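All remarks here apply to the structure that follows.
The values are calculated or read from the model by the stated rules, or taken from the named source; none is laboratory data. Just so we're clear, the structure is a prediction, and the values are computed from it rather than from any experiment. We place every Cβ from the backbone using ideal geometry, glycine too, and count neighbours over all the protein chains shown.
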Amino acid sequence: MKTVNLTINQLLDQIAQFTDPETEGVTRLLYDEHWIEAQKFLLELGQMIGLDSGFDQVGNVILTKFGTANDESAITIGSHIDSVVNAGKYDGIYGVATAIIAIKELLAEYGAPKKTIQILSFCEEEGSRFPFTFTGSKNLINQLPDDIYQLVDKTGESFEEAQAKAIYALKNIFPLVSALPPTAYAEIHIEQGPVLERLNKEIGIVTAIVAQKRFTVTINGKNNHAGTTPMWLRVDPLKQAVKLIHQLEVIALKIGEPFVFTVGEMAISPNASNVIPEQAKFSIDIRHTDEKELLFFEELIYKLAKTQMQELAGLEIKIDKWTDVGTEEMNETYIEALQAICKEKQLSFHLMPSGAGHDTQIVNRIAPTALLFVPSVDGISHSPQEFTTTENLEKGKTVFKQFIYDLAY
Ligand code: GLV
Ligand code: MN
Ligand code: MN
């Protein structure tokens, strides 16, 4: 076994190099060339620190240290390798880097664990290339639907083609394996919001992750000349999109906290200043701890769209729902254990819900889970400005490492 001296920051800086150089910050989308290089790097790193390194059929990297108890399941830890477009260098990958460093240190300090530990670098969580989320964790729990293979990205490449190329690139060097069933799952992540910093707390212990739904709305109208088509004869999909979004925003504000409604992506075609568009396509992302509120809002989207179609002949609105996950509560025993560790290490902590989605909420369907946060400076995330201090990254590792030790040794 070679000696690898790495701090979390050094590892994060190295992995941040695997990015689309044309974009600001980090852009590493599922199965793209930078994603392949990043997963290869982790597989090699796993080998260097004495872990069995392989990947599964969807490209999740699995780094395993078999326990002395010869169990056929594993304490599972990790997070995701993919990013949003123009991301920072912490979202997801902080959890993978911390898991690797914590295990490397535990092995050096205490030798092999009693229980098998596997680190997962999940292939995808964000939904930023194909309209599908949590591919990696859904595969781990055998809940990946078959119909994702026909999905296409913005360039027209299918999920199936992109996956085949990526798996081929990894297969030349590393073994294709299956993850062991998780007996427990733990993840550490940056908070991605302002609460810990505002409260001056060092560690966030997550109690529950909010439910979320995501949709793509496609509005088709009549493409025509901007100068010759009178206003009363237009079927303008962009203006209809604006109307729909505005009506939804008004209701969203009435629902109030903790409901959030986001339109983060929009495409207009043909996208020219003197042309009434043919099509406007946009995303909707809604989240709330109360699933009933989300269902109410979902029904509202369908109802308002139907009314707009009835009011304007020639207008077509299609709504495709591609994410629908419920609220998930983290394991209470683990929440208590994490509080005890924070007290023992004299670190301040705060119990909180997570408004961001995490692989934890998927694995929570089949195994007890724990999710820890470290503070995000100015609460910024999904941005190149995402930042967490070295001190806080290390404090998070201290708690995470102790938690894994308590579970596995
Ligand atoms: C993932 O980062 C999400 O919550 O959108
Ligand atoms: Mn994210
Ligand atoms: Mn994340």
Does the range 208-235 hold any residues that are small (Gly, Ala, Ser) and surrounded by fewer than 20 Cβ atoms within 10 Å (Cβ to Cβ), and which are they?
-> Ala208, Ala226, Gly227
Would the range 40-53 turn up any residue that is in a helix (DSSP H, G or I), acidic (Asp, Glu) and over 23 Å from Tyr409 (Cα atoms)?
-> yes
Selection count where residues are within 15 Å of ligand 2 (Cβ to nearest atom) and of a type outside the set (D, E, K, R), scope the range 110-164 = 11
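Yes or no: the range 332-354 includes at least one residue that is under 18 Å from Ile255 (Cβ atoms), within 25 Å of the chain's Cα centre (by Cα) and assigned by TED's automatic domain parsing to the domain that holds Ile93.
Restricting attention to the range 332-354, the residues satisfying the condition of being under 18 Å from Ile255 (Cβ atoms) are 353.
Keeping just the survivors that are within 25 Å of the chain's Cα centre (by Cα) gives 353.
In the following step, the residues that additionally are assigned by TED's automatic domain parsing to the domain that holds Ile93 were identified as 353.
Taking every residue of the range 332-354 in turn, at least one turns out to be under 18 Å from Ile255 (Cβ atoms), within 25 Å of the chain's Cα centre (by Cα) and assigned by TED's automatic domain parsing to the domain that holds Ile93.
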Only residues that are without any contact (Cβ under 8 Å) to a residue 24 or more places away in the chain and within 16 Å of ligand 2 (Cβ to nearest atom): list them for the range 255-302, please.
-> Gly264, Glu265
Pick out the one residue from Glu161, Glu157, Glu197 that is in the same structural domain as Gln402 (by TED's automatic domain parsing), farther than 25 Å from Ile62 by Cα and either β-branched (Val, Ile, Thr) or without any contact (Cβ under 8 Å) to a residue 12 or more places away in the chain (or both).
-> Glu157
Residues that are near ligand 2 (Cβ under 10 Å from one of its atoms), in a loop (DSSP other than H, G, I, E, B) and touching a strand residue (DSSP E or B) at 6+ places or on another chain (Cβ under 6 Å), drawn from the range 80-101 | Ser83, Tyr90, Gly92
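Matching residues to (1) away from ligand 1 (no atom under 16 Å from the Cβ); (2) in contact (Cβ under 8 Å) with a residue 12 or more places away in the chain:
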{"position": "Thr307", "(1), (2)": "yes, no"}
{"position": "Ile335", "(1), (2)": "yes, yes"}
{"position": "Gln339", "(1), (2)": "yes, yes"}
{"position": "Gly355", "(1), (2)": "no, yes"}
{"position": "Asp359", "(1), (2)": "no, yes"}
{"position": "Ile404", "(1), (2)": "yes, yes"}
{"position": "Ala408", "(1), (2)": "yes, yes"}
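Report, by residue number, each residue of the range 70-91 that is within 19 Å of Lys401 (Cβ to Cβ) and either within 11 Å of ligand 3 (Cβ to nearest atom) or not assigned by TED's automatic domain parsing to the domain that holds Ala166 (or both).
Step one: list which residues in the range 70-91 are within 19 Å of Lys401 (Cβ to Cβ), which gives 74-79, 90.
Selection gives Ser79, Tyr90.
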Which listed residue, of Lys138, Lys104, is part of a helix (DSSP H, G or I), surrounded by 22 or more Cβ atoms within 10 Å (Cβ to Cβ), modelled with pLDDT of 95 or more and touching a Leu at 6+ places or on another chain (Cβ under 6 Å) | Lys138
Just one of (1) out of contact with any Leu (no Cβ under 8 Å at 6 or more places or on another chain); (2) surrounded by 14 or more Cβ atoms within 10 Å (Cβ to Cβ) trips up Tyr302, so point out which.
-> (2)
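Can you tell me which residue in the range 389-402 is nearest to Glu109 (Cα to Cα), limited to those that are surrounded by fewer than 16 Cβ atoms within 10 Å (Cβ to Cβ) and in contact (Cβ under 8 Å) with a residue 12 or more places away in the chain?
Let us first name the residues in the range 389-402 that are surrounded by fewer than 16 Cβ atoms within 10 Å (Cβ to Cβ), namely 389-391, 394.
Checking the rest, the ones that are also in contact (Cβ under 8 Å) with a residue 12 or more places away in the chain come to 389-390, 394.
Details: Thr389: 26, Thr390: 22, Glu394: 17 Å.
Step by step, filter the range 389-402, then rank; the result is Glu394.
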